[in-house]
Amino acid sequence: MGADHAGARPRLATIWLDGCSGCHMSLLDMDERLIEVLARADLVYGALVDTKEFPEGVDVTLVEGAVSSQDDLRKIRQVRERTKVLVALGDCAVTSNVPGMRNPIGARAVLERAYLENATVNPKIPDQVVPALLAESLPVHAWVPVDVFVTGCPPSADRIFEVVSSLLEGRSAPAGQEQRFG
Amino acid sequence: MTPGEDDAPVVPAAGRAPGSAGRVRRHTDPLVPEGPVRVSANVCQAAGCMSMGSDRLFADLKEDVVASGATDVAVRRVGCLGLCSAGPLVEVPEQGRLFEKVGAAGGTSLAELLGSLTGEAPGGREVADDPFFARQVKVVLERSGKVDPEDVEDYVASGGYEALAKAVTMMSPDEVTDEVVRSGLRGRGGAGYPTGLKWRTVAKAPGEGGKYVVCNADEGDPGAFMDRSVLESCPQQVLEGMAIAAYAVGASRGYVYARAEYPLAVKRLQSAIRQAEASGHLGRDILGTRFELHIEVRIGAGAFVCGEETALLASIQGGRGTPRPRPPYPASAGLWGCPTLINNVETFANVPSVISRGSGYLAGTGTERSKGTKVFALTGAVVRTGLIEVPMGLRLRDIVFDIGGGLAPGRRFKAVQTGGPSGGCIPEDLLDMSVDYETLSQAGSIMGSGGMIVMDDTSCMVDVARYFMDFCREESCGKCLPCRVGTQQMYRLLDRMCHGTATMAQLEELEGLAGMVRATSLCGLGQGAPNPVFSTLRYFRDEYLAHVQDHRCPAGVCPMDGTPGAPVPPEGALMAGTGAASTGGAR
Amino acid sequence: MAPTTAAARQAPSDDKRWRQVDVRMRRLGYRPDGLIEVLHTTQEVFGYLDDDALRYVGESLGVPPSTVYGVATFYSHFSLKPQGRHTCVVCTGTACYINGAGQLLEEVGRRLGVAPGGTTADGRISVLKARCLGACSMAPAVVVDGEVHGKVRPDALMAVLGTL
Amino acid sequence: MSEVRTLVIDGHDVAATADQTVLSAARENGIHIPTLCHLQGLSDIGACRLCMVELEGSPRLVASCVTRVEEGMRVTTVSERLNAYRRRVVEMFFLERNHVCAVCVANGSCELQGAARDLGLDHFELAPLHPEVAVDATHERFVLDQNRCILCSRCVRVCAEVEGAHTWDIQGRGADARLVSDLGTPWGSSTTCTSCGKCVQVCPTGALFEKGRSVAEPKARRPYLPYLVDHSRA
């Protein structure tokens, strides 16, 4: 793990699927340790950098959010292909969490409530621009293999730092003390 | 259940001359000539034949005999004659002939039967050499098809209640128990626990508050109807066994817990109890001794789990039929906390012969560790289906091909399922195995209560595993987590296989889950629920692989239509959560 | 022995059928452990178990309402809803299953629009499935209004149901 | 006073009275065995299967909450196999209903969540069952959210055994099993409920909670019912 080519710095990415961005906020909560991380790795994709296309050859990707739409699904498949170590970051990525709360009632009911029953003008379920919902919102590993699971809503900054720094050093992620859902 | 509805006397049908040919008090009563009987027509009045119209046949035949003017022909009501696939059945024991499908299309006509009864040329076919009957040894079914199930006098006339008389007048309770221990009799309800040891435990338990005997007649395995047939054919034999057991363990109250789905068995049982009380074989001062036993029938209400003994006790006490952890075992703390002996119908039905003929009689039949006989309900893809009783240790092949007559032309044998939802499927390679407790268990199945379902190449074993898991999922009582949720999860995985959407990882998952549910469930239902999965995986893994890797069902049974859980929903449209992509690709 | 804790009470209505329930309870000595027996009788008399019946039986036997409800819903034989005028019971025992009981249920479901346990919207037919009727030699077996039909094919079953 | 038994739990010599369970003997000696349906002061039912342990010489696992100590017993409470089974038990509890820790009143004090944490359960392999279940908020002070119920029946037992009201029971069976008040009628219209709140106190998850409590508001953990005379020491 870590750098493939001698001397090259490990490439780190983050991606945000169906989540509230809380996990990214917790990532930022690493505060000054962010500098430490970025001193050891290149951040090649994510909400914090201005890259349009998810690049090839990423060493570690942190995934926030559940897979809820066709857009999410397309993204996560691409990310998986281009990433060595895929980290499901936070409860939405690990269990589908809050996005998954629609599963018992079904996507159709949710769409109707949002776009028909509650609409004041022009009630219509959109079929353009907004990505199509999947029938169920599912955790990342329901679609692609995941290497590391980091629970929490959100996971603590300490835990994220611990996991990221180990992975960047080519070690496996340590077992989380007090790691829990919620 | 409306006990008593047949007790009302009916006026003999017009044209009948009761004085000459015999007396018929009620439409369900036999026709008995006043003079000597030359031949009798024993008409099967068990549920199988009755559902094919043997009750009407019985009434019609009586009228026809009366009308024919014959005065030496009896028409009798008997229990199961065994060969259910050829019902309605009539046997003429004096001639050793069996008449099949009487009154049905392609069978014996009523006129033909009547001609045979009154004329000199016997029709039907010879019973003696028929392989269906020739390989059988009847202990439990000794009187089945021979005595009137609704007449205690008929039972007594055939030697019934001699064992009870011997026990209560000539033997001490301990001697009775010792005899049962020596006979090697083991529980016929499934697990095969030594019956004598169980009796001894209950006998030794302190019972200041009284003790109970309970007959488990909650025959729940799908494809099994042994107990029903025994109760419909000779309920007195079961009551006699219970009475002997009660005497041995010191109980004075008893219950028979029977399925609501068996109204005829319940009716005959209730009538048998009333008659036995009236004839001094139950109730107070049995056979002139100070021994007393009061038996009540409790009717189940449709819950498979109540066959588990602690659940059965909870149900008898009016509660939800949920099992509880053992110990304490019912033998020390059962009904209302009192020592309680629980045996199943067939076990009790074995007891009278053990006492009357001595333990050696049973011990002389069967294998080293599985003594005596076993009753099976042989069904499925064999030519002849019905109720059979065979000595333990008979080869499975003999049962399927000799007794059952093999498979229909053009069909290929695939498996025999024994033991119901806790049992397994035995493949062709093992057809020469001996049918006994140990060998079945080594083969990954169980003896169970006696269901034996033959499957041919039109059955898919993954589908069969799914069927049993569906059964267990619906019948789980819901008390313990592994059974309640584990059966649902295993069903989901099997369902995906049947739809062609499962992965190899899920096949592994299924095996892991099956092991966990077996090891951690509270009672036998949960612990046994994975067995059909294990046994089909053991012998028919190629079928699983065909479903999972090639998305193909070799038997052509499974839909293999890509639902549920089609991995990728169609592009473009918003998914509505309707069917197609209900769950994710990898799960 | 469990103590006798309850006794006769005022029936929920002056419907004469309550007497049969009362007789059953009296014979059982109003013992709480007679609950299932009494529920059997009540269902035989009224066809199903409604709230009034459950409450009355519970009060009479000294069994808490939640326990009565727990028992009545545990056993599949008990019905808390009125049944259709006709019943169609499809056996799903092993022998029937491998001989096509599933197709029978599918056909009935498709043609009548009812799942097992349900009743047609017009209250005409209730469709039930039985664990095993023990009529394995006639597999697949269906019981329509008490009459057993053996070796039934979907079309034949629909024809029988059509005559009801 | 019962006779004393000596046994070995995880290599430690332990003395207990004959009427004690393996679980209580273990806990008395500081050995932790995870539980969910057990609650000191209530009868034990052995339903959650989390407290299963290995006994030397027995191929079968036993639930320690319903297994009496015996002389010379050798008990193992932690092993790879037990941990794997326990993780699977907790996983199946999570997937049976709709547990979303992030929005649960019990977040941080939930025993199911705690068990997952203690066992290092960090994701689920099996599929969620996603049943559609009800929330009953008809009671003046309390709410029942079936989405979070694990059917441990602690509420049923405390209501029947301690309060004597027997407002709760379990209806249906298997996958259809649900906690139920009275005749399946709304909790708020219960004729038996005394509004004592014991059921809410003993609920291990957020299935029963007080109205007005917000997500993750800390609530006192109650490992036992302090007002009960503890006969069993269980």
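The values are calculated or read from the model by the stated rules, or taken from the named source; none is laboratory data. Model, not experiment: these values are computed from the prediction. Counting neighbours? That spans all protein chains shown, and the Cβs are built from the backbone with ideal geometry, glycine included.
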Of the residues in region A:89-115, those that are more than 7 Å from every other protein chain (Cβ to nearest Cβ), among the hydrophobic types (A, V, I, L, M, F, W, C) and within 13 Å of A:LEU17 (Cα to Cα) come to A:LEU89, A:CYS92, A:ALA93
Of those in region D:128-157 that are of a type in the set (Gly, Ala, Ser) and surrounded by fewer than 21 Cβ atoms within 10 Å (Cβ to Cβ), the residue nearest to the other protein chains (Cβ to nearest Cβ) is D:ALA134
Inside region A:127-143, the number of residues satisfying the requirement of being more than 7 Å from chain B (Cβ to nearest Cβ) and under 15 Å from A:ASN103 (Cβ atoms) is 2
If you go through D:HIS123, D:HIS166, D:HIS139, the only one that is touching a His at 6+ places or on another chain (Cβ under 8 Å) and either modelled with pLDDT under 95 or not polar (S, T, N, Q) (or both) is D:HIS123
In region D:7-23, anything in contact with a helix residue (DSSP H, G or I) (Cβ under 9 Å, 6 or more places away or on another chain), under 17 Å from D:THR76 (Cβ atoms) and outside any strand (DSSP E or B) is listed as D:ASP10, D:VAL22, D:LEU23
Scanning region D:43-77 residue by residue, those away from chain B (no Cβ under 12 Å) and either surrounded by 15 or more Cβ atoms within 10 Å (Cβ to Cβ) or among the charged types (D, E, K, R) (or both) turn out to be D:LEU55, D:GLU56, D:VAL69, D:GLU71, D:MET73, D:ARG74, D:VAL75, D:THR76, D:THR77
Quick check: anything in region B:128-146 over 20 Å from B:VAL390 (Cα atoms) and either part of a loop (DSSP other than H, G, I, E, B) or among the β-branched types (Val, Ile, Thr) (or both)?
no
message = Just to be sure before I move on: is C:CYS136 among the hydrophobic types (A, V, I, L, M, F, W, C), more than 11 Å from chain B (Cβ to nearest Cβ) and more than 27 Å from C:VAL38 (Cβ to Cβ) in the structure I sent?
response = no
Taking region B:113-127 and the residues there that are out of contact with any helix residue (DSSP H, G or I) (no Cβ under 9 Å at 6 or more places or on another chain) and assigned to a loop (DSSP other than H, G, I, E, B), the one that is surrounded by the fewest Cβ atoms within 10 Å (Cβ to Cβ) would be B:GLU120
Scanning region A:144-182 for residues that are more than 15 Å from A:SER26 (Cβ to Cβ), of a type in the set (Val, Ile, Thr) and either facing chain D (nearest Cβ under 8 Å) or part of a loop (DSSP other than H, G, I, E, B) (or both) gives A:VAL144, A:VAL146
Verdict on B:THR201 being under 16 Å from B:ALA349 (Cβ atoms), modelled with pLDDT of 95 or more and of a type in the set (Ser, Thr, Tyr): no
Exactly one of B:GLY223, B:GLY210 is at positive phi and modelled with pLDDT of 95 or more, and that residue is B:GLY210
D:TYR85 passes all but one of the listed conditions (1) exposed (fewer than 15 other Cβ atoms within 10 Å of the Cβ); (2) hydroxyl-bearing (Ser, Thr, Tyr); (3) in a helix (DSSP H, G or I); the exception is number (1)
- Query: Looking at region B:264-276, is at least one residue modelled with pLDDT of 95 or more, closer than 27 Å to B:ALA331 by Cα and outside any helix (DSSP H, G or I)?
  - Reply: no
Filter region A:58-84 for residues that are part of a helix (DSSP H, G or I) and among the polar types (S, T, N, Q); the one that is surrounded by the fewest Cβ atoms within 10 Å (Cβ to Cβ) is A:GLN78
> Somewhere in region A:38-53, is a residue assigned to a strand (DSSP E or B), farther than 28 Å from D:GLY120 by Cα and of a type in the set (A, V, I, L, M, F, W, C)?
Replying inline: yes
Turns out the helices (runs of 4 or more DSSP H) fully within region B:404-512 with at least 1 residues that are within 28 Å of B:ARG324 (Cβ to Cβ), touching a residue at least 12 places away in the same chain (Cβ under 8 Å) and more than 14 Å from chain D (Cβ to nearest Cβ) are B:437-442, B:461-475
Apart from one, (1) part of a loop (DSSP other than H, G, I, E, B); (2) more than 10 Å from chain B (Cβ to nearest Cβ); (3) within 30 Å of D:GLU111 (Cβ to Cβ) all hold for A:LYS124; the odd one out is (3)
Problem - Meets criteria (over 16 Å from B:LYS138 (Cα atoms) and either among the aliphatic types (A, V, I, L, M) or out of contact with any His (no Cβ under 7 Å at 6 or more places or on another chain) (or both)) for B:GLY288 - result: yes
B:THR195 meets each of (1) more than 27 Å from the chain's Cα centre (by Cα); (2) among the polar types (S, T, N, Q); (3) outside the structural domain of B:ARG38 (by TED's automatic domain parsing) with one exception, condition (1)
Of the residues in region B:288-340, those that are part of a helix (DSSP H, G or I) and under 24 Å from the mean Cα position of the chain (by Cα) number 12
Only unsatisfied item for B:SER535, checking (1) over 13 Å from B:ALA465 (Cβ atoms); (2) hydroxyl-bearing (Ser, Thr, Tyr); (3) more than 12 Å from chain D (Cβ to nearest Cβ), is (1)
Taking first residues from region D:158-184 that are within 14 Å of chain B (Cβ to nearest Cβ) and within 14 Å of D:VAL202 (Cβ to Cβ) and second residues anywhere that are in a helix (DSSP H, G or I) and not aliphatic (A, V, I, L, M), the pairs with Cβ under 8 Å that are 6 or more apart or on different chains are D:TRP168/C:SER66; D:TRP168/D:CYS155; D:TRP168/D:CYS159; D:TRP168/D:CYS199; D:LEU179/D:GLN146; D:LEU179/D:CYS155
Matching residues in region D:17-57 (among the small types (Gly, Ala, Ser) and either closer than 26 Å to D:GLU91 by Cβ or touching a Ser or Thr at 6+ places or on another chain (Cβ under 6 Å) (or both)) number 4
Note: among B:VAL354, B:VAL375, just one is in a strand (DSSP E or B), crowded, with 21+ Cβ neighbours inside 10 Å and in contact with a helix residue (DSSP H, G or I) (Cβ under 9 Å, 6 or more places away or on another chain), namely B:VAL375
**Prompt:** Before we move on, is B:VAL345 more than 23 Å from B:GLY524 (Cβ to Cβ) and either within 14 Å of chain C (Cβ to nearest Cβ) or out of contact with any strand residue (DSSP E or B) (no Cβ under 6 Å at 6 or more places or on another chain) (or both)?
**Reply:** no
Restricted to region D:100-121 and to residues being facing chain A (nearest Cβ under 8 Å), of a type outside the set (A, V, I, L, M) and surrounded by fewer than 23 Cβ atoms within 10 Å (Cβ to Cβ), the residue farthest from D:GLU210 (Cα to Cα) is D:GLY120
Filter region B:305-331 for residues that are over 22 Å from B:ARG484 (Cα atoms) and within 12 Å of chain C (Cβ to nearest Cβ); the one that is surrounded by the most Cβ atoms within 10 Å (Cβ to Cβ) is B:ILE316
